[in-house]
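Working notes for the structure below.
The values are calculated or read from the model by the stated rules, or taken from the named source; none is laboratory data. This one's a predicted model, so the numbers in the text were calculated from it and none came from an experiment. Note: ideal-geometry Cβ built from the backbone for every residue, glycine included; neighbour counts use all protein chains shown. Surface areas here come from the heavy atoms of the whole protein model, side chains and all, with no ligands, DNA or RNA. Shrake-Rupley method; radii C 1.70, N 1.55, O 1.52, S 1.80 Å.
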Amino acid sequence: MSRRRQIYEGKAKILYEGPEPGTLIQYFKDDATAFNAQKKGTISGKGVLNNRISEHIFTLLGNIGVPTHFIKRLNMREQLIRQVEIVPLEVIVRNVAAGGLSKRMGIEEGTQLPRTLIEYTYKDDALGDPMVSEEHIACFGWANQEEMHDIADMAIRVNDFMSGLFAAIGIRLVDFKLEFGRIWDGDFARIILADEISPDNCRLWDMATNEKLDKDRFRRDLGGEVEAYQEVARRLGLLPEGSETDVLDLESHRKKRGK
Ligand code: C5P
């Protein structure tokens, strides 16, 4: 494949050295994992869709003043991003009870929460990403108080914006996960939004039918993963309306044209 220097390989993405210092190339794979990689699979075309969906959402967030690592999409599976020092936290934002919260608290899935709930987990696969409090975050120095203020503030802004974006296309934003990173300017660090936003890390339910349009289709063996991701992309206006275009056809077509 590529002869570029690989910086990091995660479960769903690979990071390569970018063309300029301080930049990286983020490559979206078709690999899917769940339950801390105990369940593994491939969703053909997922990487192409997530690259496109994440580009769209990060661009819109940038337009409303949320600082992000996204610079530009390069091709079907890659985007140019700013290199950041990742804050080792997964920031989970919940509007409706589902998944881990329902299990932990015994709340029926689909129950509207009385207010938006933000949870933090420590990013460590070997430990299974344990849930942590702001006390742990301060105690272990993963982020300082000012950074945590910025993170919570941005998480709420992202939630407000995305809830509206998805509601307008008949999708309920149940919950999602964000990651943040630091960029350094001399001695000063600034927090920006990193990673990706896609059906891999959001729960998206059709408002009319409650159909799941996200990675729970894979986690729960429901099937139709790529169709669900494609439906999200289509409703966001990222695929031609009414098109039956298979993302893989699209990808091989572009490759033949050398794009
Ligand atoms: O599993 P749980 O209910 O805690 O997940 C909450 C949200 O965070 C879901 O949208 C899920 O897709 C996302 N998540 C993620 N990566 C993880 C854990 C959760 O994207 N490692």
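Scanning the range 16-29 for residues that are part of a loop (DSSP other than H, G, I, E, B) and either of a type in the set (A, V, I, L, M, F, W, C) or over 14 Å from the mean Cα position of the chain (by Cα) (or both) gives Gly18, Pro19, Glu20, Pro21, Gly22.
Scanning the range 30-61 for residues that are closer than 19 Å to Ala233 by Cβ, exposed (fewer than 15 other Cβ atoms within 10 Å of the Cβ) and free of Cβ contacts under 8 Å to residues at least 24 places away in the same chain gives Thr42, Thr59. Examine the range 132-139 for a residue that is among the small types (Gly, Ala, Ser) and either surrounded by 14 or more Cβ atoms within 10 Å (Cβ to Cβ) or within 13 Å of the ligand (Cβ to nearest atom) (or both), and state whether such a residue exists. There is no residue in the range 132-139 that is among the small types (Gly, Ala, Ser) and either surrounded by 14 or more Cβ atoms within 10 Å (Cβ to Cβ) or within 13 Å of the ligand (Cβ to nearest atom) (or both).
Look at the range 136-152: where a residue is within 12 Å of Phe180 (Cβ to Cβ) and a partner is open to solvent by 20 Å² or more (accessible area, probe 1.4 Å), sitting 6+ places away or on another chain with Cβ atoms under 7 Å, you get Trp142/Pro88; Met148/Glu134; Ala152/Ile118. Filtering the range 140-161 to residues that are open to solvent by less than 40 Å² (accessible area, probe 1.4 Å) and touching a helix residue (DSSP H, G or I) at 6+ places or on another chain (Cβ under 7 Å) leaves Ala143, Met148, Val158.
No other residue among Leu178, Leu222, Leu213 is within 13 Å of the ligand (Cβ to nearest atom) and over 21 Å from Val91 (Cβ atoms) apart from Leu213. With respect to (1) surrounded by 16 or more Cβ atoms within 10 Å (Cβ to Cβ); (2) in the same structural domain as Glu147 (by TED's automatic domain parsing), the lone exception for Val66 is condition (2). For the range 187-245, a residue qualifies if it is within 20 Å of the chain's Cα centre (by Cα), on the phi > 0 side of the Ramachandran plot and among the acidic types (Asp, Glu), and exactly one does: Asp195. The residues in the range 96-121 that are more than 8 Å from the ligand (Cβ to nearest atom), open to solvent by less than 30 Å² (accessible area, probe 1.4 Å), under 18 Å from Asn201 (Cβ atoms) and in contact (Cβ under 8 Å) with a residue 24 or more places away in the chain can be counted, and the count is 2.
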